[in-house]
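Chemist: Supplied in structure tokens, the structure appears directly below.
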Amino acid sequence: MSASTPPIAPERAESAPVVAVVAGVLRDAAGRVLIGRRARGTHHGGLWEFPGGKLEPGETPAAGLARELSEELGIDVRGARPLIAVRHDDAERRIALAVWRVFDYRGTPTACDGQPLAWAHPTRLRPARFPPADRPVITALCLPATCLITPAPNDPAAFLAILEKCLRHGTIGAVQWRAHTLDDADYAALTPLVHACCRAHAVPLFLNRDPALAATLPGEGLHLRAATLRQLTERPRGPWRWVGASCHDATELARAQALALDYALLSPVRPTATHPEQPALGWAGFARLVAAVNLPVYALGGVTRLDLATAWQHGAQGIA
């Protein structure tokens, strides 16, 4: 089942003050994440959430995260990095939520405030049991940090051998099967072999093809071209767990969110030889556009795995 949720729409005046909140995601050795249940009688009482709380005036998200998790869980945060930022307005408040992935801490998480705690795998989290601001976080937790975009194959056998070699290293989180120079028949014929290769390494395959054809082929996701995204009036229906799109500006990102897509690719971050006519966003421009939407966004265009940490610091889900 997809972790996607409808876009978060504002429901109150823009003049209301924004409450800055920080939350942390802790993982155990089994890949489960720690969640806590909000007390009955409070805002969103009875729902589950990721540990954290309000920032104090002038406090940075990193400092607030360390303080909140010390007070709430009794742990000492040693290492963390941004995961996703979410803006949500409802009838009671406007929230700016900064979520960080905690990858190093000292101590054993304990319910210092007496709140129920539980460990659960991200794919088993039910978005309806969380406050609306936390729901995009679940999607971000289920998506990988890296996505390999394939070239069109000239020699299918050689192409599959290279794909197998890339996946064998274990650093690829997903594969986007992009081969625009192949006709539909050739793409459909090769897809089962590409999928089998990805499946052998437990890597999801995203099909970059017309939704009608993609729905008949094996794959865990559908990736939409920007031109297709602009033409759609609703999220494509099909067997996919994930649906994402290529975006290049604020309008296309807003469209991806309005269609309740799971992720977007935003490009180009840097100048590329394949699209020299398209101005590069730069990391500052990338961060500005990502901050306006509540969905995981991958950095694309002139980036490599060496840019992964930089991408995270600028609000990216990861790199493609």
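The values are calculated or read from the model by the stated rules, or taken from the named source; none is laboratory data. Worth saying up front: this structure is predicted, and the values here are computed from it rather than measured. Because the Cβ atoms are built from the backbone with ideal geometry, glycine has one as well, and the counts that use them run over all protein chains shown. SASA here: full protein model, heavy atoms, side chains in, ligands and nucleic acids out. Shrake-Rupley method; radii C 1.70, N 1.55, O 1.52, S 1.80 Å.
Chemist: Mind listing whichever residues of the range 169-204 are open to solvent by 40 Å² or more (accessible area, probe 1.4 Å), aliphatic (A, V, I, L, M) and closer than 24 Å to residue 304 by Cα? Talk me through it step by step, then tell me what you get.
Modeler: Our first condition is that a residue be open to solvent by 40 Å² or more (accessible area, probe 1.4 Å); within the range 169-204, this holds for 169-171, 178, 180-181, 183-186, 189, 192-193, 196, 199-202.
Subset that is aliphatic (A, V, I, L, M): 185, 189, 193, 196, 200, 202.
Correct list: 202 only.
Chemist: Here's something else I'd like to know. Tell me, yes or no, whether the range 159-168 has at least one residue that is open to solvent by 60 Å² or more (accessible area, probe 1.4 Å), of a type in the set (Lys, Arg) and within 22 Å of the chain's Cα centre (by Cα).
Modeler: No - not one qualifying residue is present in the range 159-168.
Chemist: For the subset of the range 105-135 comprising residues that are open to solvent by 60 Å² or more (accessible area, probe 1.4 Å) and under 12 Å from residue 34 (Cα atoms), which member is nearest to the chain's Cα centre (by Cα)?
Modeler: Filtering the range 105-135 for residues that are open to solvent by 60 Å² or more (accessible area, probe 1.4 Å) and under 12 Å from residue 34 (Cα atoms), the one nearest to the chain's Cα centre (by Cα) comes out as 121.
Chemist: Hey, does the range 136-143 have a residue that's without any contact (Cβ under 8 Å) to a residue 60 or more places away in the chain and under 26 Å from the mean Cα position of the chain (by Cα)?
Modeler: Narrowing the range 136-143 to residues without any contact (Cβ under 8 Å) to a residue 60 or more places away in the chain: none.
Looking through the range 136-143, none of the residues is without any contact (Cβ under 8 Å) to a residue 60 or more places away in the chain and under 26 Å from the mean Cα position of the chain (by Cα).
Chemist: Give just the number: which of (1) assigned to a strand (DSSP E or B); (2) open to solvent by less than 30 Å² (accessible area, probe 1.4 Å) does residue 72 not satisfy?
Modeler: (1)
Chemist: Further, regarding this structure: Filter the range 75-99 down to the residues that are part of a strand (DSSP E or B) and among the basic types (Lys, Arg) and list them by number.
Modeler: Taking the range 75-99 and keeping what is part of a strand (DSSP E or B), we get 76-89, 94-99.
78, 81, 87, 94 - these are the residues of the range 75-99 that are part of a strand (DSSP E or B) and among the basic types (Lys, Arg).
Chemist: Under the condition of being out of contact with any Phe, Trp or Tyr (no Cβ under 8 Å at 6 or more places or on another chain), small (Gly, Ala, Ser) and modelled with pLDDT of 95 or more, which residue from the range 257-279 is surrounded by the most Cβ atoms within 10 Å (Cβ to Cβ)?
Modeler: Taking the range 257-279 first, the residues out of contact with any Phe, Trp or Tyr (no Cβ under 8 Å at 6 or more places or on another chain) are 257-261, 267-268, 270-279.
Now narrow it down to the ones that are small (Gly, Ala, Ser): 258, 260, 267, 273.
Filter again for modelled with pLDDT of 95 or more, leaving 258, 260, 267.
On the way: 258: 16, 260: 15, 267: 23.
Checked the range 257-279; the qualifying residue surrounded by the most Cβ atoms within 10 Å (Cβ to Cβ) is 267.
Chemist: Still on this structure, I have one more. Go through the range 91-104 and give me each residue that's more than 25 Å from residue 29 (Cα to Cα) and open to solvent by 40 Å² or more (accessible area, probe 1.4 Å). I'd like the intermediate steps shown before the answer.
Modeler: At the first step, the residues of the range 91-104 found to be more than 25 Å from residue 29 (Cα to Cα) are 91-97.
Of everything in the range 91-104, those that are more than 25 Å from residue 29 (Cα to Cα) and open to solvent by 40 Å² or more (accessible area, probe 1.4 Å) turn out to be 91, 92, 93.
Chemist: Restricting attention to the range 257-280, does a residue exist that is touching an Asp or Glu at 6+ places or on another chain (Cβ under 9 Å), part of a loop (DSSP other than H, G, I, E, B), of a type outside the set (Gly, Ala, Ser) and farther than 22 Å from residue 319 by Cβ?
Modeler: Looking through the range 257-280, at least one residue is touching an Asp or Glu at 6+ places or on another chain (Cβ under 9 Å), part of a loop (DSSP other than H, G, I, E, B), of a type outside the set (Gly, Ala, Ser) and farther than 22 Å from residue 319 by Cβ.
Chemist: Further, regarding this structure: Looking only at residues in the range 225-240 that are open to solvent by 80 Å² or more (accessible area, probe 1.4 Å) and among the basic types (Lys, Arg), which one is nearest to the chain's Cα centre (by Cα)? Steps first, answer last, please.
Modeler: Within the range 225-240, the subset open to solvent by 80 Å² or more (accessible area, probe 1.4 Å) is 225, 230-231, 233-234, 237, 239.
From what's left, among the basic types (Lys, Arg): 225, 230, 237.
On the way: 225: 18, 230: 21, 237: 20 Å.
So the residue we want is 225.
Chemist: Another one. For the range 100-133, which positions are part of a helix (DSSP H, G or I) and in contact with a helix residue (DSSP H, G or I) (Cβ under 8 Å, 6 or more places away or on another chain)? Can you show your working first?
Modeler: First pass over the range 100-133, keeping only residues part of a helix (DSSP H, G or I): 122-124, 127-129, 132-133.
Correct list: 122, 123, 127.
Chemist: Output the qualifying pairs, or none if there are none: Cβ atoms under 6 angstrom, residues six or more apart or on different chains, first residue in the range 110-125 and among the hydroxyl-bearing types (Ser, Thr, Tyr), second residue modelled with pLDDT of 95 or more.
Modeler: Between residues of the range 110-125 that are among the hydroxyl-bearing types (Ser, Thr, Tyr) and residues that are modelled with pLDDT of 95 or more, the close pairs are 110/74; 123/142.
Chemist: Restricting the search to the range 282-304, which residues are farther than 28 Å from residue 134 by Cα and either part of a loop (DSSP other than H, G, I, E, B) or charged (D, E, K, R) (or both)?
Modeler: 301, 302, 303, 304
Chemist: Every residue in the range 46-84 that is out of contact with any helix residue (DSSP H, G or I) (no Cβ under 7 Å at 6 or more places or on another chain), farther than 16 Å from residue 95 by Cβ and small (Gly, Ala, Ser), please.
Modeler: The answer is 46, 58, 62, 63, 66, 70, 74, 79.
Chemist: Out of the residues in the range 287-307 meeting the condition of being of a type in the set (A, V, I, L, M, F, W, C) and under 19 Å from residue 97 (Cα atoms), tell me which one is surrounded by the fewest Cβ atoms within 10 Å (Cβ to Cβ).
Modeler: Filtering the range 287-307 for residues of a type in the set (A, V, I, L, M, F, W, C) gives 287, 289-293, 295, 297, 299-300, 303, 306.
Filter once more, so that each one left must be under 19 Å from residue 97 (Cα atoms): 287, 289-293, 295, 297.
Working: 287: 18, 289: 20, 290: 24, 291: 14, 292: 11, 293: 25, 295: 25, 297: 28.
Out of the qualifying residues, it is 292.
Chemist: Farther than 21 Å from residue 263 by Cβ, acidic (Asp, Glu), out of contact with any Phe, Trp or Tyr (no Cβ under 7 Å at 6 or more places or on another chain) and touching a residue at least 12 places away in the same chain (Cβ under 8 Å) - does that describe any residue in the range 167-183?
Modeler: no
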